Amino acid sequence: MRALGAIAAALALALLPAAPGLAAQPAEPPASLTELEGEVMCPVCGTLLELAESPQAQREKAFIARLVAEGRSKAEVKEALVAQYGEEVLALPQGSGFSLSAYLVPIVAFLIALIALALGVRRWRRSGGGRGANGDRPTPPPAGPTGEDSERLAADLAKYDL
Amino acid sequence: MLAVLAVVGLLVYGLASKGSSGVALGDEAPASALPRLEGRGEGSLSEYRGRWVLVNFWASWCVPCKQEAPALESFQQRHGGPRFTVLGVDSRDLEGDGRTFVERYRLSYPQLRDGNGEAAHEFGTTGVPENFLVDPRGRVRLLQRGPVTPEYLREAVAPLLPGARS
């Protein structure tokens, strides 16, 4: 079980970088209008901004374009958008508050499934699954025909001209 | 089993927190605190308890909102006072755009800012503009989905305002 725990912990660590806000953030890339439009929402339309053409979306695009032209970083633009429209403007939930569950629930569910699988395998092995009727000893290969069977086999083979 | 219950609980919480809401005639109007569009601090519909309030949800990018703004300002000029006010709520809008709108149409009534649309959601709006007449006890007495006109204000709203100048 200790080994299983170590595997689970390693998997959890491997999965954590997928959750923004939970892992160390890399250096902030320069803001790009096109990239940002694919990462934020049009709050009125409920779609990604890059897909929206509503009047509100046009104003939001102009707002982003102005901030990009001012040389703001992507994080700064997103922060400004959140200040204007709230956190729902972000296409990906932030790694805090209830939004954190969007990242944690799949990880926790995966770990629980892994532990349940490990426990199931352990119980199956303890109950003798995968072993012969002789307990820990491996099942011996089946014995060849003996006695009456051997005599009948020999008699049958003798009928053929091999 | 506990894990399943926990996941189901989270889903239910998520749905409940984003579920449908809204007000009907006779319901108590939501009175969440919102930042003021102009100036500092927060304001709320509850500040106007004891007065009739026409809550007007609008946005600067909304064409019908531009059409109704002069009618609302005119109505405020005529009926606004200790017993009535229009209360604008700028919803899902850029703050700067909202302020420019207020200046352009010379709106004198108080304005709150509902950037994330939470207040609009609480009222159950389906878009902008929408108008809710709230009585002095905080109950919704009229509901207009869409822009108000001078005729609507004169014929539907004004008669409900006791003591208002006519």
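Nothing in this text is a laboratory measurement; each read-out follows from the coordinates by a stated rule. This is a predicted model, so every value here is computed, not measured. Here the Cβ positions follow ideal geometry from the backbone for every residue, glycine too, while neighbour counts run over all protein chains shown.
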Taking the Cβ of B:GLY127 as the center, what net charge do the other residues with Cβ under 12 Å away carry, scoring Lys and Arg +1 and Asp and Glu -1? +1
Within straight-line cross-link reach of A:LYS159, aspartates and glutamates at Cα separation under 18 Å, skipping those fewer than 8 residues along the same chain: A:GLU148, A:ASP149, A:GLU151
Which far-off residues, 5 or more places away or on another chain, put their amide H under 5 Å from the one on B:GLU130, with H placed in the peptide plane? B:PHE57, B:GLY146
Taking a cut-off of 15 Å between Cα atoms, list the aspartates and glutamates near B:LYS66, but don't count ones fewer than 8 places away on the same chain. B:ASP90, B:ASP93, B:ASP97, B:GLU103, B:GLU130
Let me test this: with uniform point scatterers at the alpha carbons of the range B:40-113, what is the Debye-based log₁₀ I(q)/I(0) at q = 0.12, 0.23, 0.27 1/Å? -0.30, -1.08, -1.37
Return the equivalent ellipsoid semi-axes of the range B:26-153 as a descending list in whole Å, where each equals the square root of 5 times an eigenvalue of the C-alpha gyration tensor. 19, 17, 15
Pull out the extension gain between A:THR34 and A:ASP161, defined as 0.36 nm times the separation in residues minus the alpha carbon to alpha carbon distance; nm, one decimal. 37.4 nm
What is the set of long-range amide H partners of B:VAL86 at a cut-off below 5 Å, with H atoms built 1.01 Å from backbone N? B:LEU54
On a C-alpha basis, how far is the centre of the range A:51-72 from the centre of the range B:92-166 in Å? Whole number, if you could? 27 Å
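Rounded to the nearest 0.05, what FRET efficiency is calculated for A:ALA143 and A:ALA109 with R0 set to 35 Å and r the Cβ-Cβ distance?
On the way: r = 49 Å, r/R0 = 1.41.
My answer for the efficiency is 0.10.
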